[in-house]
Amino acid sequence: MKQGVDFGYGIKSTLVQCLVLTTTYFLNVQQGIDVMMPTIIIGALEYNRGDNYVPGITIEQISWIGSLVYLSPPIGSLFLSLVQVRLGHRACMALTNLIQLSAVMVVVLFPITVSTLYACSMLMGLSTGFATGLSISYSGEVCEPKLRGSLTSALNVFYFVGFFFVSTTYAITKSWKQSLIITVAVPLANMVTLSLTPDSPMWLLSKGKTDKARKVLMKLRGCVSEEKCATEFQEMVQYVSLSAKSEEAKQKQSSALCSFSHPGLRNPLKLMLIYIFFSNIMSGVPYAPYLMHVFKSFKTQVEPAWAMSAYPGFSIIGNVFTILLVHRLGKRCLVLSTITFCSISYLLIGFIGQFYADAEYTSWVKLALFFGSTVSSSLGVMPIGWILMSEVFPMKSKNLGCSICSAVYFFLSFFMTKFYMDLERFIGFYNTFVLFGGVGLVGLVYFYFRLPETENKTLKEIAEQFKLEPV
């Protein structure tokens, strides 16, 4: 395996970078809370008691509550792209925390109505759009090359920690409103850590603050001497200088449009858009807001609220194994094996539910298969998609390609969650699993022939591969 560039900073530098990234980990915890919260609200509304009761709410309105959290992130991402260059990461992170707090204040200050829940879901989606871009870009700019992959991969773990935190809180309190108020601790804690977080050296260089950028880099590398980090700092200066020179090309709209016809962008973009569709199906995005309903339909003796809190726990296990196995097995192997397992699990759940009478042992088998697919999707097909997105696009088209993929991901997630209940009513609960399993097998065949291996390859090698090979 090829190793990353090692500047020889030592363990102190590693610890400092882990501490500096605390703000991004808090952002990902909050992101997990924001995405899981509509699921909890929908599940709580089924009980119709106490503060879980909203008079006159319909199934159509419930589907909007579950799907709006996926509709507003592209708006947040677009706004972030306009202000981040001007304001920097710290200011944008502070703004993200304020949006997260405002989502809680909506349900605290106003009566709980359908409109209030719509606003809460939209605000949580907006903060998700901010947090997604900020976490990846900041960690990529402050980490040294040999640690960048490992520390960035940990973001997914904290995302599911947010899932686990809020779902377990609801299982204990039995109140979605109390659970949401308790989560205020996360953005408040992040505001404290943000006061100790520096802007990235690259952003400071882009603003002409060379001396400050050098001092920040020295602190990030464990308070080393100026000579110790001189090589890395010089590379940053050259990178920022080249980026500044490329701004003229970005202003030529005709060249941007023509770039879509270039194989270097067209081929990976086609692959990633198809990947996102199959990844969403295999990772359970369509039924994610309705997990309590899913667990009730399995008819196990496990309390649905506790089963829902176990769901992110299994996801965390999968993510940890991703970090441990991706360098050993490669991305292609993990994607193909996890799609296979998820597809077979979905098909078995559907067939057991259709052809076997409800009994305690069949309920446990269905639940085990479901959590097995959760571990599998979190191990391969879901996290690797985001890694591929950072690798397959050429440098000059990376922002364009990633922006398109992110927007498509959230819009697809919106439509899948919005119309899942309609699909279930049309074909039946267990037939949805049969359908998802069949779709997964189609994806398996496609990726077997079209998904290249990018592990242990340079970005230049990957770009050349997409120029030469059709996707």
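The values are calculated or read from the model by the stated rules, or taken from the named source; none is laboratory data. Treat the numbers as computed from the prediction; the structure is a model and nothing was measured. Backbone-built Cβ (ideal geometry, glycine too); neighbour counts: all protein chains shown. Keep in mind that these areas ignore ligands, DNA and RNA; they rest on the heavy atoms of the full protein, side chains included. Shrake-Rupley method; radii C 1.70, N 1.55, O 1.52, S 1.80 Å.
Listing for the model above:
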item	result
Residue tally, condition over 25 Å from the mean Cα position of the chain (by Cα) and of a type in the set (S, T, N, Q), over the stretch 338-365	3
Filter result for MET236 (part of a helix (DSSP H, G or I), farther than 21 Å from PRO38 by Cα, at pLDDT below 80 and open to solvent by less than 20 Å² (accessible area, probe 1.4 Å))	yes
Residues that are closer than 17 Å to VAL35 by Cα, open to solvent by 50 Å² or more (accessible area, probe 1.4 Å) and free of Cβ contacts under 8 Å to residues at least 60 places away in the same chain, drawn from the stretch 54-97	ILE75
Single unsatisfied condition, ALA357 versus (1) in a helix (DSSP H, G or I); (2) free of Cβ contacts under 8 Å to residues at least 40 places away in the same chain	(1)
Breaking point among (1) within 25 Å of ARG86 (Cα to Cα); (2) outside any loop (DSSP other than H, G, I, E, B); (3) of a type in the set (Gly, Ala, Ser); (4) at pLDDT 80 or above, for GLY208	(2)
Index of the failed condition, VAL335 passing every other in (1) among the β-branched types (Val, Ile, Thr); (2) open to solvent by less than 20 Å² (accessible area, probe 1.4 Å); (3) assigned to a loop (DSSP other than H, G, I, E, B)	(3)
Check on LYS146, open to solvent by 70 Å² or more (accessible area, probe 1.4 Å) and at pLDDT below 80	yes
Any hit, the stretch 174-182, residues being outside any loop (DSSP other than H, G, I, E, B), among the polar types (S, T, N, Q), open to solvent by 60 Å² or more (accessible area, probe 1.4 Å) and under 22 Å from ALA310 (Cβ atoms)	yes
Residue tally, condition part of a helix (DSSP H, G or I) and surrounded by fewer than 20 Cβ atoms within 10 Å (Cβ to Cβ), over the stretch 187-201	5
Among (1) in a helix (DSSP H, G or I); (2) of a type in the set (Val, Ile, Thr); (3) under 23 Å from MET36 (Cα atoms); (4) modelled with pLDDT under 85 - the single one ILE276 does not satisfy	(4)
Looking only at the stretch 360-387, and only at residues there that are small (Gly, Ala, Ser) and assigned to a helix (DSSP H, G or I), the one that is nearest to GLY32 (Cα to Cα)	SER378
Residue within the stretch 380-397 that is open to solvent by 30 Å² or more (accessible area, probe 1.4 Å), modelled with pLDDT of 75 or more and touching a Leu at 6+ places or on another chain (Cβ under 8 Å) present	no
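Here is a yes/no grid of residues against (1) at pLDDT below 90; (2) under 15 Å from LYS270 (Cα atoms); (3) touching a Leu at 6+ places or on another chain (Cβ under 6 Å):
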{"residue": "MET421", "(1), (2), (3)": "yes, no, no"}
{"residue": "ILE427", "(1), (2), (3)": "no, no, no"}
{"residue": "TYR430", "(1), (2), (3)": "no, no, no"}
{"residue": "PHE433", "(1), (2), (3)": "no, no, no"}
{"residue": "THR458", "(1), (2), (3)": "yes, no, no"}
{"residue": "GLN465", "(1), (2), (3)": "yes, yes, no"}
